[in-house]
Each structure stands twice: as C-alpha cells, then as structure tokens.
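Remarks on the structure that follows.
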Amino acid sequence: MLFADQAGTRSDQVTGRTWGEKGKTPVVRRSGNRFSVNAMSAISTRGRTHFMVFTEHFTAEVMCRFLNRLAGHFDHKVHLVVGGHSAHRSKKVRDWLAAHPDDVELHFLPPTRPS
C-alpha cells in the first residue's frame, strides 16, 4: 500500500520589505526569470518513496505516466491511496486502470470540508 500526492513549486519573486541605509532606497537584484517544477510521489508504510518530476500541469496523462512507472517497480498489485484531484478520477485514468487490473488499484481518501 502506498499513499500518493502531487505538489508544485515556483521561483517567483517574494515582494516585501527589506532593509537599507537610512535615506537610500534598497535595490534588490533579481533575474526576472521564473520557472516551476512539479512532482508526483508515493510513499509506502515502510517509508519507501517513488516519485516523478515534471514541468507541465498535473493532468490525467501525467497520472497515467506515473502509474506506468510505479507499476514497473513492483511484481505484485499496488494499492495506491490518492486524494480527490479530478485527474485521479478521469476517464483516461479509469481506462488505464481497467487495462491494468493486476498492476494498480486506486483507493480514494474521503472528501474534506471546513469545520
């Protein structure tokens, strides 16, 4: 059994206050370039981690690519616990699972709501 989630990070400028000499406006040098990177990962109850890094948005295609890679690491069926992201429940992912019934089975966390 593994637990999966995806995350992303960007290299945006953090706008805020900084220090400088009294009477002089501080200048913060930066390149102006931004980039982002995303990751999909799964961790077992024993702490074994499987991950995939990608630059595009998280979609059903990315999820299927991750499932392919994950299934290739095991010689038995993987039970994967995932959240409620729409890509997890997409037709493309359901089709992939139907085509690989002995490789991966998804289990969904219950939806959460504010208390």
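The values are calculated or read from the model by the stated rules, or taken from the named source; none is laboratory data. Treat the numbers as computed from the prediction; the structure is a model and nothing was measured. Glycine also receives a Cβ, built like all others from the backbone with ideal geometry; neighbour counts cover every protein chain displayed. Accessible surface areas use protein heavy atoms only, side chains included; no ligands, DNA or RNA. Shrake-Rupley method; radii C 1.70, N 1.55, O 1.52, S 1.80 Å.
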Exercise. Would you grab the residues whose amide H sits under 5 Å from the one on VAL104? Only those 5+ places off in sequence or on another chain, please, with H modelled 1.01 Å from N.
Key: VAL78
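With Cβ to Cβ distances under 9 Å as the rule, what net charge do the other residues near VAL78 carry (K, R +1; D, E -1)? Let's see the in-between values first.
Details: positive: LYS77; negative: ASP103, GLU105.
Value of the local net charge: -1.
Can you list the chymotrypsin sites (Phe, Trp or Tyr not before Pro) in the range 58-115 that are in a DSSP coil and have 14 or fewer other beta carbons within 10 angstrom? Before the final figure, lay out each step's value.
Details: sites: PHE58, PHE66, PHE74, TRP96, PHE108; in loops: PHE58, PHE74.
Loop-located and lightly packed - PHE74.
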Quiz item: Pick from THR59, THR18, THR45: which is most flexible by mean-square fluctuation in a GNM of the chain where alpha carbon atoms under 10 Å apart are linked?
Solution: THR18
Quiz prompt | trypsin sites (Lys or Arg not before Pro) within the range 50-115: DSSP coil, no more than 14 neighbouring Cβ in 10 Å | solution = LYS77, ARG89
Self-check item: 3J(HN,Hα) from dihedral phi, the range 83-92, Karplus parametrisation 6.51/-1.76/1.60, rounded to Hz, x for glycine, proline
Solution: x, x, 4, 4, 5, 5, 9, 5, 4, 4
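Once you list every other residue whose beta carbon is under 11 Å from the beta carbon of ALA60, what net charge do they have if Lys and Arg are +1 and Asp and Glu are -1? Don't jump to the answer; show the numbers that get you there.
On the way: positive: ARG65, ARG89, LYS91, LYS92, ARG94; negative: GLU61, ASP95.
Local net charge: +3.
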Quiz item: Going by alpha carbons, how many degrees (0 to 90, nearest 10) lie between the helix axis of 60-71 and the longest principal axis of the chain?
Solution: 60 degrees
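For HIS88, what charge total do you get from the other residues with a beta carbon under 14 Å from its beta carbon, if Lys and Arg give +1 and Asp and Glu give -1?
On the way: positive: ARG65, ARG89, LYS91, LYS92, ARG94; negative: ASP5, GLU61, ASP95, GLU105.
Net local charge, HIS88 excluded: +1.
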Quiz item: Anyone know which of SER36, SER90, SER11 comes out most mobile in the 10 Å Cα GNM of the chain?
Solution: SER11
Exercise. At 1.4 Å probe size, with every protein chain present, just tell me what the per residue accessible area of the chain comes to in Å².
Key: 77 Å²
Quiz item: Where does the chain land at 222 nm, in deg cm²/dmol rounded to the nearest 500, when only DSSP H runs of n ≥ 4 count, each adding -39500 (n - 2.57), divided by all residues?
Solution: -5500 deg cm²/dmol
Quiz prompt | 10 Å-binned pair-distance histogram of the chain (Cα, whole percent) | solution = 11, 35, 23, 13, 10, 6, 1
Quiz item: Which of the lysines could be linked to LYS77 by a straight reach, that is with a Cα gap under 24 Å, when you skip same-chain ones fewer than 8 residues away?
Solution: LYS91, LYS92
